[in-house]
Amino acid sequence: MERKPFLLKPAAKDYLWGGSRLNDDFAKGIDMTPLAETWECSTHPDGPSVISSGEFEGMELEELLKRFPEFLGTHPLSNPYLQKGELPILIKFIDAKKDLSVQVHPDDAYARKVEHELFGKTEMWYVLDAAKDAKLVYGFYHDMDKEKLRRSLEQGTVEKYLQKVKVHKDDVFFIESGTVHAIGAGALIAEIQENSNLTYRMFDYNRRDKNGNLRELHVDKALDVVNLKKSSEPRQPLRLLKYQRGWATELLCRCQYFQVERMLLNTEACREMADFRTNESSFQVLLCTSGCGLLMYGGTGALQFFKGDCIFVPAGSVPIKIHGNAQLLKVVC
């Protein structure tokens with residue numbers, strides 16, 4: 001079976017804090033208001049993505065990976081917890097027109113012991129755009145204890161303890177499991193995370209859902225997993241561009257779960273195509289955040305991509321050449 005790249009169609013979420021930018025900026029064409037998230041590359045049952053090009057068009061990604069597990073690569077397949085057909089990661093676009101809830105995610109051990117889920121949730125955010133006054137919550141200003149935190153949640157005073165950080169376009173934030181956090185209004189985000197949908201909502205500004213009910217909180221579980229220590233203010237990492245003919249790359253994040261690079265493609269300037277392929281160790285996902293291009297593969301195949309598109313490249317892929325003027329996030333496991 002030739003290992004050819006293909007496009008993915010996302011699942012979509014209409015959480016009440018969402019806006020319209022995923023349709024307006026990325027031409028998703030999804031009939032949903034608000035449109036808060038698109039799960040671009042996912043095998044999670046809460047939002048599976050679907051193949052949208054090539055011979056397997058219309059098939060859920062999980063079904064293809066069950067049929068051809070070698071597409072994942074040797075490194076993901078060495079994970080003893082990974083179920084057949086599952087990805088170890090999940091990739092999203094997030095449009096926060098309003099503040100998200102103050103929340104925390106469990107680690108893998110807690111997820112398995114308490115929730116009987118395989119993965120907790122460590123994640124990375126890459127800021128695609130941000131309003132002038134956009135902020136995010138990242139940990140606490142001071143050390144906390146459980147009773148003080150519980151009391152502040154009950155009294156609605158927790159915000160005075162939360163560290164708020166201004167965000168700017170192209171910022172990168174690594175959110176380890178256990179870190180209290182929240183995306184603030186006005187931020188457009190690409191999120192790369194473990195394959196999990198476990199979120200413990202701690203505080204939600206007394207908002208009500210579309211049925212008029214207060215949104216559910218998960219305070220007891222949140223207190224079980226939250227890191228109560230003071231968080232250092234997140235600093236943007238030193239990023240070094242590495243140039244090749246027709247493109248440049250920079251490392252944004254590397255952790256035990258994934259590695260993310262930003263690719264700046266400009267083959268129009270050198271009038272050549274950039275060579276690209278994956279090795280046997282891991283699949284790769286290319287998420288186009290601006291521009292457009294053409295991906296040629298296997299000598300005869302061609303795949304156009306545009307801003308907002310997500311491309312899955314199987315491990316050990318056929319030879320690929322890329323042409324265009326675009327920025328992409330490249331995710332590897």
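Brief remarks follow.
- J(HN,Hα) series, region 22-32, from Karplus relation 6.51 cos²θ - 1.76 cosθ + 1.60, nearest Hz, glycine and proline x: 5, 7, 5, 8, 10, 6, 5, x, 9, 7, 8
- Using θ = phi - 60° and Karplus 6.51 cos²θ - 1.76 cosθ + 1.60, couplings along region 47-52 (whole Hz; Gly, Pro as x): x, x, 8, 10, 5, 10
- Entry note, the chain: the mean residue ellipticity at 222 nm calculated from DSSP H runs of n ≥ 4, each adding -39500 (n - 2.57), is -2500 deg cm²/dmol after division by the residues and rounding to the nearest 500.
- Cα-centred dipole magnitude for the chain, charges only on beta-carbon of K, R (+1) and D, E (-1), debye, nearest 20: 740 debye
- For region 99-225: rounded, prolate or oblate by the Cα gyration tensor [a/c cutoff 1.5]: rounded
- Using a cut-off of 18 Å between Cα atoms, the listed pairs 97/166; 166/307; 307/330; 135/307; 66/121; 132/242 include 166/307; 135/307; 66/121; 132/242 as exceeding that distance.
- With 20 Å bins beginning at zero, the pair-distance distribution over Cα atoms of the chain amounts to 31, 58, 11, 0 %.
- For region 199-207, the Karplus equation 6.51 cos²θ - 1.76 cosθ + 1.60, evaluated at θ = phi - 60°, returns couplings of 10, 9, 7, 9, 8, 9, 6, 6, 6 Hz by residue, with Gly and Pro reported as x.
- Think of the chain as a dipole: +1 on every Lys or Arg Cβ, -1 on every Asp or Glu Cβ, centred on the Cα centre; then among 238, 153, 205, 238 lies furthest on the positive end.
- Qualifying trypsin sites (Lys or Arg not before Pro) in region 158-188, DSSP loop, other Cβ atoms within 10 Å at most 16: 169
- For GluC sites (Glu not before Pro), the sites in region 1-53 that DSSP calls loop and that have at most 14 other Cβ atoms within 10 Å are 2.
- Put the Cα centre of region 210-243 next to the Cα centre of region 278-333 and the gap is 30 Å.
- Rounded to 10°, Cα long-axis angle of helix 146-155 versus longest principal axis of the chain: 80 degrees
- Taking 61, 240, 217 as the candidate residues, the one with maximal mean-square fluctuation in a Gaussian network model of the chain, Cα springs under 10 Å, is 240.
- In loop segments of region 216-249 as defined by DSSP, the trypsin sites (Lys or Arg not before Pro) with at most 15 further C-beta atoms inside 10 Å of their C-beta are 229, 235, 239, 245.
Bear in mind that the values in this text are calculations on the coordinates, not laboratory data. From a predicted model like this one, the values you see are computed outputs, not experimental measurements. Note that each Cβ is placed from the backbone with ideal geometry, even for glycine, and that neighbours are counted across all protein chains shown.
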